[in-house]
Amino acid sequence: MVKKRVRDPEVLAEAPQVQDEDSGSDTNMDVVDVEFEWFNFKPDIDFHGLKALLRQLLDVDSQLFDLSALTDLILSQPTVGSTVKVDGEDTDAYAFLTVLNMHEHREKGTIKGMIQYVLEKSKGNQSLAAVGNVLSSSAQVGLVLTERLINAPSEISPPMYSMLIDELEAAVEDKEPYEFTHYLILSKTYREIASVLDQEDTPRSKKTKAAKGSSEIFYFHPEDEVLQRYALAYGTYEYTKDEGEGMADSKRAFQEMGIKPQGSMILIEADKFEGAVKAISEYISPQQ
């Protein structure tokens, strides 16, 4: 059985609350204790769950990539990166984190396509100019991919990043190709936009219309805010594929505004990555 290079699986003390509504007007709130466990990737178990998480991470632009090939590449390096599960190792992951050597795998179709995609998205965006410059050089760039189910707590993220640091150190000691000069975190953010459903000239619709085009950025992954403090470059970009009018309304999440997801890149120099990971642990700690 493949084991973690270091650290035994850890457990979070408390999971997010889940809401149980009865037929009356009262609402009962129950707290469900969930034990999260960290595992290495297991190819014969994790393929479909990991592929689904990659599709969620890349959003509509997931159609541009061979997700099966990308999933296989991740699973081919089982001792670098983690999955997070609840009901044991032989179940689907709630979350994952890994890093791929973009230089080492540059001739593989899935990474070649990823490099072209990143270069295209960094063009014309001054905040992401350094990303294109680094990828066009001989730099050893580690592509960090991480995603979790929408209801998974952010507290599972710090242990994954901390384990990754330890695993990379062990891999380098074993002469494996994980000695990076930079880390590129591919993530996503969103903006709130006015709903196309609110057409009447009511106070509510006036409010949402006034907010249309807001530039405020919100984070699916709160740790991205911390990582940006250590970044050589970071920024957002529009997806290539069009969701179509009305898709933002389907993602309203029971609020007045619709949301428009965007891609996000964070480029961090290797000598600052460990400090960024420590800052994540300080910023996001398990609930007491």
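Every number here is computed from the coordinates shown, using simple stated rules; none is lab data. Quick caveat: nothing in here was measured; it's all calculated off a predicted structure. We place every Cβ from the backbone using ideal geometry, glycine too, and count neighbours over all the protein chains shown.
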task = Taking 7 Å along the Cα-to-C-beta vector as the label spot, tell me the Glu173-Thr91 distance in nanometres, rounded to one decimal.
result = 3.2
key: For peptides 125-133, 153-161, sequence by mean Cβ density within 10 Å, most packed first   = 153-161, 125-133
request  = For Leu64 and Phe218, compute 0.36 nm times the residue count separating them, minus their Cα-Cα distance, and round to one decimal in nm.
outcome  = 53.0 nm
query = Which residues in segment 260-283 place their backbone N less than 20 Å from a point set 7 Å from the Cα of Arg229 along the Cα-to-Cβ direction?
reply = 265-283
Paramagnetic label zone (point 7 Å from Cα along Cα-to-C-beta, Asp72; backbone N under 17 Å) in segment 86-112 = 105-112
inquiry  = Skipping prolines and chain starts, which residues have an amide H placed within reach, meaning under 5 Å, of the one on Phe41, given they are 5 or more residues away or on another chain?
reply    = Thr83
request  = Give the peptides 37-49, 107-119, 89-101 in descending order of average Cβ contacts within 10 Å, highest first.
outcome  = 89-101, 37-49, 107-119
Projected label distance in nm at Thr79 and Gln126, using a 7 Å step from Cα toward the beta-carbon = 4.7
ask   = P(r) for segment 46-181: what percent of alpha-carbon pairs falls in each 10 Å bin, starting at zero?
value = 11, 39, 38, 11, 1
ask   = Which percent of Cα-Cα pairs in segment 31-283 sits in each 5 Å bin, short to long?
value = 1, 6, 12, 17, 18, 17, 13, 8, 5, 2, 1, 0, 0, 0
message = Once you order the gyration tensor axes a ≥ b ≥ c over the Cα atoms, which shape class does segment 110-201 get: rounded for a/c under 1.5, otherwise prolate or oblate by comparing a/b with b/c?
response = oblate
inquiry  = From the phi angles alone, apply the Karplus equation (6.51, -1.76, 1.60; θ = phi - 60°) to segment 268-275 and give each ³J(HN,Hα) in whole Hz, x where the residue is Gly or Pro.
reply    = 10, 5, 4, 6, 10, 5, 5, x
query = Simple spin-label model, 7 Å along Cα-to-Cβ: Glu104 to Ala279 in nm?
reply = 2.7
